[in-house]
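Participant: Sharing a structure here in structure tokens format.
Just so you know, all these numbers are worked out from the coordinates, no wet-lab data involved. Just so we're clear, the structure is a prediction, and the values are computed from it rather than from any experiment. Here the Cβ positions follow ideal geometry from the backbone for every residue, glycine too, while neighbour counts run over all protein chains shown.
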Amino acid sequence: MEFISAAIIPLMLVLIIGMGAIKKVGVFDCFIGGARDGLETAVRILPSLIALLTAITMFQASGALDFIVSALAPPLALIGFPKEAAPLALMRPVSGSGALAIVKDLLTRYGADSWIGRTASVMMGSTETTFYTLAVYFGCVHIKDTRYTVKAALLADLSGMLASVYVVKLFFY
């Protein structure tokens with residue numbers, strides 16, 4: 001089994017170059033063209049990403065995240081949502097790296113097998129970095145009117161977050 005996993009990438013390279021030779025396609029030229037297109041796309045979406053990351057940093061540093069979490073704690077307690085996971089629920093749609101830092105902190109503090117650790121892990125896998133994704137994809141193709149996309153995506157995130165709490169309770173507690 002180790003041989004297969006070690007050989008898969010070299011075999012893919014040989015297969016791609018071989019098919020290019022059979023079909024008389026300049027594989028290297030295609031590779032360079034794809035790399036150029038990828039770089040142009042990265043440059044095109046960079047301003048959106050910088051603005052998003054700046055806003056996230058300002059939101060965290062200002063204490064607004066802590067204020068919102070403390071305000072949401074009582075209603076969340078009514079539905080059984082752990083208040084410790086509230087910062088993750090707020091950060092996940094905005095920043096994957098910020099959410100990952102929160103999950104790491106929760107796992108360190110409460111343990112991976114705790115209710116909070118399991119809930120945070122399932123929540124991380126059940127939701128999306130909605131605003132980052134929208135900034136990248138809509139910014140790349142210059143879409144300004146997102147119509148119902150943001151509402152639908154945030155509703156899906158909320159559903160994933162609530163479902164993660166109840167699924168962990170159902171299967172583990």
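Participant: Put +1 on the Cβ of each Lys and Arg and -1 on the Cβ of each Asp and Glu in the chain; which of Phe172, Ala101, Phe131 then has its Cα farthest toward the positive end of the dipole?
Facilitator: Phe131
Participant: At 222 nm, what helix-only mean residue ellipticity would the chain give, in deg cm²/dmol to the nearest 500, using -39500 (n - 2.57) for each DSSP H run of four or more?
Facilitator: That calculation yields -27000 deg cm²/dmol at 222 nm.
Participant: Okay, moving on. Charges only on Cβ, +1 for Lys and Arg, -1 for Asp and Glu: so what's the dipole of the chain about the Cα centre, in debye to the nearest 20?
Facilitator: 240 debye
Participant: Another question, if that's okay. How many nm separate the modelled label positions at Ser97 and Leu170, each set 7 Å beyond the Cα in the direction of the Cβ?
Facilitator: 3.5 nm
Participant: Can you work out the PRE-style zone for Arg36? Point 7 Å along Cα to Cβ, and I want the residues of segment 11-27 with backbone N under 19 Å.
Facilitator: 25-27
Participant: Binned at 5 Å from 0, what are the whole-percent values of the Cα-Cα distance distribution for the chain, short to long?
Facilitator: Over the chain, the share of Cα pairs per 5 Å bin runs 1, 7, 12, 14, 14, 11, 10, 11, 9, 6, 4, 2, 0, 0 percent.
Participant: Among 48-57, 21-30, 153-162, how do they line up from the highest to the lowest mean number of other beta-carbon atoms within 10 Å?
Facilitator: Ranked from most to least packed, the peptides come out as 153-162, 48-57, 21-30.
Participant: Treat each spin label as a single point 7 Å out from the Cα along the C-beta direction, and report the Arg44 to Leu154 distance in nm.
Facilitator: That separation, rounded to one decimal, is 2.7 nm.
Participant: Separate question: Among Ala51, Ser159, Ala64, whose Cα projects farthest towards the positive end of the dipole of segment 45-172, with charges put on the beta-carbon of Lys, Arg (+1) and Asp, Glu (-1)?
Facilitator: The one lying farthest along the dipole's positive direction is Ser159.
Participant: At a 10 Å Cβ-Cβ cut-off, how would you order Thr129, Thr41, fewest neighbours first?
Facilitator: Ascending Cβ contact count within 10 Å gives the list Thr41, Thr129.
Participant: Turning to a different aspect of this structure: Give, in nm to one decimal, the length gained when the segment between Leu13 and Arg147 is fully stretched (0.36 nm per residue of separation minus the Cα-Cα distance).
Facilitator: So the extension gain works out to 44.0 nm.
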